[in-house]
Amino acid sequence: MNIELIIAEGVVKAVKALYDLDTEVSAVQIQQTRKEFEGNLTVVVFPYLKASHKAPEATALEIGAWLEENIEAISAFNAVKGFLNLSVSPKFWLSQLHDIAENETFGITPVTDDSELVMVEYSSPNTNKPLHLGHVRNNLLGYSLSRILEANGKRVVKTNIVNDRGIHICKSMLAWQKWGNGATPESTGKKGDHLIGDFYVEFDKHYKDEVRSLMEQGLGKEEAEAQSPLMLEAREMLRRWEANDPEVRELWQMMNGWVYAGFDETYRRLGVGFDKIYYESDTYLEGKDLVLGGMEKGLMYRKEDGSVWADLTADGLDHKLLLRSDGTSVYMTQDIGTAKLRYQDYPIDKMIYVVGNEQNYHFQVLALLLDRLGFKWGKDLTHFSYGMVELPEGKMKSREGTVVDADDLIDTMISQAREASADRFKDMDEAEAAEIARIVGLGALKYFLLKVDPRKNMLFNPKESIDFNGNTGPFLQYTYARIRSVCRKASEELASCSYAEAVPNDKECALIQKVADFPSVVIEAGKSYSPALIANYCYDLAKEYNQFYHDFSILREEDPATRCLRLNLSAVVARTLKSGVALLGMEMPERM
RNA sequence: GGUCCGUUAGCUCAACUGAAUAGAGCAUCUGACUACGGAUCAGAAGGUUGCAGGUUUGAAUCCUGCACGGAUCACCA
């Protein structure tokens with residue numbers, strides 16, 4: 001049983017017995033005892049002063065005495081001002097360690113058939129350029145969030161909505177037709193998404209040239225942009241696409257196919273995936289029907305020019321356009337259509353959209369509209385809003401070539417990991433060395449992006465790249481690999497020894513306590529949708545373990561029970577670290 | 001201009017949602033391998049938590065105002 005709960009229940013009884021005060025278990029304030037004081041856990045007694053009519057310290061001492069008397073696990077206490085520091089007996093920690101070691105799925109709530117069904121949308125790329133660092137943050141957050149929710153017993157459907165239609169795709173297609181000379185991923189040896197991205201840039205270059213020369217002929221900027229022959233051609237292509245022109249559709253299919261192959265490779269390398277992928281080319285018409293249906297029910301209205309709007313002023317927002325005067329869809333309409341298809345496919349209880357914070361307003365509106373249109377999860381949809389990844393010079397801009405490409409970054413991380421371990425295992429064969437470099441390089445990247453509060457913009461400095469020392473992914477992996485090394489050396493003893501007679505010292509108790517916190521951290525991370533909480537916990541645990549490892553010998557400890565305790569404690573720490581970082585999508589190497 | 005978000009050590013980030021002397025890492029300086037893995041550990045130094053008020057026994061955290069930065073308010077996606 002959880003020690004904090006035991007203490008909280010004890011405090012409720014204590015204040016009832018001592019001061020006749022009724023309070024709730026959830027209202028009891030318990031925190032980790034600060035390092036400079038004796039004890040494991042601390043109860044804040046300020047809330048009970050009114051009932052005790054005594055000074056803070058006297059009240060704390062009184063409650064402490066009651067707890068020591070009535071709760072077996074409490075072995076000592078002291079009071080500093082209004083803080084009651086409680087020491088938990090080594091015996092209790094020993095039994096905790098035993099329980100944890102026995103529990104194969106420690107910290108993980110099993111998923112059952114009647115678990116809540118949560119859909120997580122993430123990634124959501126455009127098919128006109130390769131993924132960059134911002135997408136990587138999105139993908140890792142979305143994937144990690146899915147894992148965390150699963151660990152909290154939710155059924156999770158991971159989904160992706162691919163923005164595969166629109167003028168931007170036509171630009172790449174047109175550029176390929178004009179200047180591609182039939183280039184394919186095979187003929188050029190380029191990843192499909194990069195190839196398409198190059199043509200998108202190519203279009204932009206020629207388009208800018210056209211605009212410039214038109215402006216030199218005396219046109220205004222807007223006029224020039226509107227009259228650029230390339231842009232007119234791209235728009236014409238979009239019209240043909242929407243009219244199902246076979247030639248355009250065929251080209252579109254082929255080029256999108258290249259992009260998907262490229263994306264799939266990046267996803268695979270990142271270790272993320274989806275249960276179901278939706279395409280806007282399939283969903284944008286659905287949304288139109290829903291909006292028109294809603295209009296008939298009086299939920300939306302039509303202006304004289306034929307455009308369709310929703311009046312959201314009653315909810316403190318503005319009027320929102322849903323269909324243009326020419327009857328075509330906007331972004332919002334597509335999201336409504338996608339929602340409909342998803343609900344047809346899955347009886348969703350909860351929808352989470354992992355999308356950047358520049359779309360906060362969009363999702364506020366979407367929630368209201370879906371609710372209005374009768375989606376039961378609409379009002380309570382969660383926009384998991386995250387900040388941008390910025391460079392020292394500011395925002396990434398594809399036009400200025402300051403985008404950090406996802407594939408390049410992954411390559412860089414892996415080769416740096418390779419360098420860092422080059423002189424370490426010369427005996428290792430190539431396949432194993434490559435696998436370890438992959439795990440460590442990606443671990444550094446994932447931890448770097450996930451340890452930060454998602455809401456905040458974060459900084460990535462390409463010159464400094466990502467560290468492998470200190471508060472990093474490799475620090476966790478190193479700790480794990482080192483424990484595994486020790487466990488391998490004593491595998492037989494670990495399997496058969498007994499630590500029933502051992503008496504854990506303060507450091508060992510503190511370490512057991514840290515491990516025992518894992519389940520509540522998983523729960524809190526699930527409630528607050530926070531991979532960062534998991535990352536910070538894993539770091540604290542690894543740091544605590546490394547201190548222990550440094551101060552005490554494991555294999556050279558002479559007392560068999562103590563040696564066994566330390567072996568088992570190490571094994572449990574390793575296992576907890578591994579399942580913790582798994583929630584971040586990170587892997588652990590057996591050696592590094 | 002309206003709305004929303006952010007501002008913590010030189011730099012990158014924490015702080016269990018109101019508690020003790022605001023913590024880590026990097027960088028700087030000092031120390032620890034004939035040792036179970038030094039991608040480690042120990043120590044020093046570094047702060048008026050953007051500013052000013054307020055609520056509270058107690059505020060980085062809650063309220064008000066201001067400053068700075070960002071996003072958004074498109075018949076763009």
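Each reported figure results from applying straightforward, stated rules to the coordinates on display, with no laboratory input. Model, not experiment: these values are computed from the prediction. Using ideal geometry, Cβ is built from the backbone for each residue, glycine included, and neighbour counts are taken over all protein chains shown.
Divide by every residue of chain A the summed helix terms, -39500 (n - 2.57) for each DSSP H run of at least 4, and state the resulting mean residue ellipticity at 222 nm, rounded to the nearest 500 deg cm²/dmol.
Values: 22 runs with 325 residues, N = 592.
Result for chain A: -18000 deg cm²/dmol, rounded to the nearest 500.
Given a cut-off of 18 Å, what percent of all Cα-Cα pairs of the range A:406-582 lie beyond it? The calculated P(r) of the range A:406-582 puts 66 percent of pairs beyond 18 Å. For the range A:84-131, the orientation-averaged shadow of the C-alpha convex hull comes to 8.8 nm² (one quarter of the hull surface). The slack in the chain from A:Gln253 to A:Lys350, taken as 0.36 nm per residue of separation less the alpha-carbon distance, amounts to 31.6 nm.
Taking only C-alpha pairs under 8 Å that are 6+ residues apart, what is the relative contact order of the range A:165-274 in percent? Could you put the intermediate results ahead of the total?
Values: 84 pairs, mean separation 38.8, N = 110.
Reported relative contact order: 35 percent.
Cut-off under 13 Å on the C-alpha distance; same-chain residues fewer than 8 positions from A:Lys191 excluded. Which aspartates and glutamates are left, in chain and number order? A:Lys191 reaches A:Asp264, A:Glu265, A:Asp405, A:Asp407, A:Asp408. For the listed peptides A:210-222, A:189-201, A:577-589, a ranking on the average number of other beta carbons within 10 Å per residue, highest first, reads A:577-589, A:189-201, A:210-222. Where a ≥ b ≥ c are the square roots of the eigenvalues of the C-alpha gyration tensor, would you call the range A:352-501 rounded, which needs a/c under 1.5, or, failing that, prolate if a/b is larger than b/c, or oblate? In terms of gyration-tensor shape, oblate.
Annotation: lysines with alpha-carbon distance below 21 angstrom to A:Lys379 (same-chain offsets under eight excluded): A:Lys154, A:Lys158, A:Lys288, A:Lys297, A:Lys320, A:Lys340, A:Lys350, A:Lys527.
Summary value for the range A:290-354: 20 percent relative contact order, contacts being C-alpha pairs under 8 angstrom separated by 6+ residues.
The GluC sites (Glu not before Pro) of the range A:58-88 meeting both criteria, a DSSP state outside H, G, I, E and B (loop) and at most 12 other C-beta atoms within 10 angstrom of the site's C-beta, are A:Glu72.
Per-residue Karplus couplings for the range A:277-282, computed as 6.51 cos²θ - 1.76 cosθ + 1.60 with θ equal to phi - 60°, are listed in order as 10, 10, 10, 5, 4, 8 Hz, Gly and Pro entered as x. For chain A, the relative contact order comes to 14 percent (Cα pairs under 8 Å, sequence separation of at least 6). Note that the range A:3-88, at 10 °C in a medium of 1.306 mPa s, gets a Stokes-Einstein diffusion coefficient of 129 µm²/s from its Kirkwood radius over C-alpha pairs.
Summarising the strand pairing of the range A:255-410, around 60 percent of its internal DSSP beta bridges are antiparallel. Other residues whose C-beta falls under 15 angstrom from the C-beta of A:Glu36 contribute a net charge of +1, scoring Lys and Arg +1 and Asp and Glu -1. With a cut-off of 17 Å, note down the residues of the range A:256-277 whose backbone N falls inside the zone around a label point 7 Å from the Cα of A:Glu186 toward its beta carbon. Correct set: A:256-262. Of the peptides A:404-410, A:357-363, the ranking by mean beta-carbon count within 10 Å, highest at the top, reads A:404-410, A:357-363. The calculated Kirkwood hydrodynamic radius for chain A is 27.9 Å, given to one decimal from all distinct C-alpha pairs. Sparsely packed loop sites in the range A:1-62 (the chymotrypsin sites (Phe, Trp or Tyr not before Pro) outside DSSP H, G, I, E and B with at most 16 other Cβ atoms within 10 Å) comprise A:Phe37.
Counted by Cβ distance under 14 Å from A:Phe274, the other residues give a net charge of +1, where Lys and Arg count +1 and Asp and Glu count -1.
Can you give the % of DSSP beta bridges in chain A that are antiparallel, to the nearest 5?
Working: 22 of 44 bridges.
The antiparallel proportion sits near 50 percent.
I want the local charge near A:Tyr499. Using Cβ-Cβ distances under 14 Å, sum +1 for each Lys or Arg and -1 for each Asp or Glu among the other residues. Write down the numbers at each step before the final one.
Numbers: positive: A:Lys91, A:Arg563, A:Arg566; negative: A:Asp99, A:Glu102, A:Glu493, A:Glu501, A:Glu508, A:Glu557, A:Asp559.
Residues near A:Tyr499 contribute -4 overall.
Highest average first, the peptides A:117-124, A:20-27 ordered by how many other beta carbon atoms sit within 10 Å of their residues are A:117-124, A:20-27.
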